[in-house]
Structures are given as C-alpha cells and as structure tokens.
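Let me begin by presenting the structure, written as structure tokens, before commenting on it.
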C-alpha cells in the first residue's frame, strides 16, 4: 500500500521534481512494509540474570568445550550445561548455567569465560555444581544482533534501549522523501554482529590452565590472553589480573570472521572469504602473517603438522554455494596454498588427531578418514555414521565428542578397526 502526501498541488510538484534543480523540491511518501523489528532486554535485567540452576535436558545445543573431566555444552542463546565426563561411557549432567545471549565459552584455570549478548562474563567453577559470577566486562561486544530473516529489512534499531534479544516481523509505516523521482529511504538496517550458532574455544591440546573446544570457535585462550571474534574484529583480553579482565588490542580484519583456531603460536581465522593467519609473537597484539583466499563461504579450520583442513558449505548467511573440504599446505606459513579439494554434502565442524580426520557433514552424518595422504583422503574413509545431524567435534585421547541437532554423542576411536559409540545424551523437544 502506498499513499502519497503532497504539500503542493500534484501537477506542480511533479513539474518541479523533474525540471527544477533544487534540493528543497521533494515529495513525501508514506510507505508500508513488513520488517524485522527488534525486541529488547534492559541492561539491568541482563546484568542480573546469570545464575546456576539444576541440570536440564538438551534442547538446542550449540558448541562444546572440555576442561579436565568436564564437558561444557552451550544451550543456544540460553546458557551452558556442565557435565561430569570422567567416564565418557556414562556422562553425568551436574548443573545448568543460565546466561542469556550465550554462544561462546572458554576456560582458564577454574574460571569460565562466556559471552552474554554484549558482555563478557567470568564465572568461578571451582565447584561446578555452584558456579559464581566473579567479573564482567560491560559492552565488550557492542552493537551485536541475533539472527534475523535476511529477506526483510531491519527497522528501528536503537542500542540505547537495551540489548536486542530477537526480532519480530511486523508491518511498519513511515514517511520517506522522494527527490527527483528517486526514493530516499530512511530505513534503519544494521547487520553488525549477527550471531552464528554460538561459539566456543579451540586448542590443539589442553594445557594445565586451558581446555579445548570445537572447530566452530570464536573464543580461544592462549596463555594469559583470551582472543575473541566480534564481527570483523579480533579482540584481545588479558586474564592475568586477579580482580578484573583487562581489554587490550582490537584488530580490524576487513572481512567477516567465522572461526578461530590456535596452533604453534599462531591464530588461524576462518572468514567468509579466506583463512587469515596471525602471529602471537607478541601475544597482546597479534600481527598479520598471510591469507589463503577462497570463494564466499563459512569455513571452520583445524591444523595438524604442515596442513590446514578447511570446510566450506552452502546454505548460510556467508552466501556460499559450494560444499567441500579444502586441504591447504602451510609449510611456509607466509605462503599457504591449496593442495586439493574434496566434495562434501554440507560440512560443518571438523577435528583431527594423529592423521585421523573427523568431519561433521551436516545431515549426512559423521565421516572419518585417514588423512595421512592429503592427496587421497577420499580413498581412505574409515567409517561413516549416517543417522545423526552433526555440527562439531572434539577428538581427544581416543574419545571423540560430537555435538549436533540430535544431542551429544561420544565415540571410542582408540581402535580404528572398532570405532564405536559409547554414550549419548539426546535432545528433547521443547
């Protein structure tokens, strides 16, 4: 529906708009359309909402993280499940941490770091059954938006009203100026910080201080520093202080970043258009080393030895149209190059341990390969578990921990001739 509102007689306005060269000659139009309209939570509500509750069932799991004998599973946008995994064949859920707007997590010593919409929260998990909030960096990740329908515009963003927790599709009406026959729309559209299925932390192997997570990471800890992805920036937080978290460098990367993976004193950043490599020679201020470019696509990355393994997939906001595994030679880290690509169904997260490559191929299930020969990975498939919808994995010490839409699944891969499921925690319908 369009209703034109004229301040002058119609014929005069049309004459002026086409034949006069004056910025003051404009037509005002009233337009009506359907848009994504934000839903807000007040800042005070956000900053008083974190609490430990009794364990609950998985409904919409996001990322997975391990530290010592504990599993941490993100419940998409709602908090973190804490699970005792000392016996992987019998995991025991201990508690649930309610953290609104949580997608990312990492652990250093006995402190869990998690995002809560725009804030970074620190929680003492010395007693995993009763975590306690010990610190918070307010507005650590500003102007962050949850997912929305990209087929419709976003209307009415106002970050001073609180944090945006979601969007409602509503019919809106506004007045816009039409100058010289061209619409001068004043629609508000801000796509900063679109949340993509959570985040987690990744490490090649756990140290005494930090744990490990999956390949879809956007948080990682190295030494005393937390590295976090926020839109097109890499943010560095110093965790060494006993009283507070110190915000250090923020590096603008010039492209939308999806994942982060640390290896051999470097950060490998998966972006929508390539894999960036940054050196941690100065850990408080990472420096650019190189980039491996690829077509538009989301791309989690894992590293082992001289090779990076990158999955590209379609059907995301990254506007990718391919589904494949790329093997990249990083023997010269300043000059990475493609070795070979392998077609996949719809690959998401992946993991590698001693040449054994685990790929979460979306609805096609879990695929396991011997990747000792990068040129013939497709000829060396070890196993294929087809009946699960897979998202991300952590292979560690002969146990594969897999998270997906169907829940948590753990496999014993210590004997590759008998790779088998040893436990699962299924999701329940909400």
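Odds and ends about this structure:
- Relative protection proxy for 411-421, 61-71, from highest mean packing down: 61-71, 411-421 (other beta-carbon atoms within 10 angstrom).
- Using a simple spin-label model with pseudo-atoms 7 Å out from Cα toward Cβ, residue 168 and residue 28 lie 2.8 nm apart.
- With Cα atoms defining each centre, the stretch 42-71 and the stretch 356-407 are spaced 26 Å apart in the structure.
- Here the stretch 328-378 yields Rg over Rh of 1.00, to two decimals, using C-alpha coordinates and the Kirkwood radius.
- Burial ordering of 348, 90, fewest other beta-carbon atoms within 10 Å first: 90, 348
- Our summary of shape: the Cα atoms of the stretch 21-164 have principal axis extents of 77, 29, 24 Å, ordered from largest down, in whole angstrom.
- Segments 165-174, 114-123 sorted - mean Cβ within 10 Å per residue, highest first: 114-123, 165-174
- A simple spin-label model places pseudo-atoms 7 Å from Cα toward Cβ; at residue 87 and residue 418 they are separated by 1.9 nm.
- As a calculated quantity, the FRET efficiency between residue 127 and residue 306 at R0 = 41 Å, using C-beta atoms, amounts to about 0.45.
- Equivalent ellipsoid semi-axes - Cα gyration tensor, the stretch 217-342, angstrom: 26, 16, 11
- Only alpha carbons enter this Debye calculation for the stretch 311-396, each as an equal point scatterer, and the log10 of I(q)/I(0) it gives at q = 0.10, 0.11, 0.18 Å⁻¹ is -0.25, -0.30, -0.80.
- Sorting 43-51, 142-150 by their mean Cβ neighbour count within 10 Å, with the most densely packed peptide first, gives 142-150, 43-51.
Computed from the coordinates by the stated procedures, all read-outs in this text should not be read as laboratory data. For clarity, every value in this text was computed on a predicted model and none was experimentally measured. As a convention, Cβ positions derive from the backbone with ideal geometry for all residues, glycine included, and neighbour counts pool all protein chains shown.
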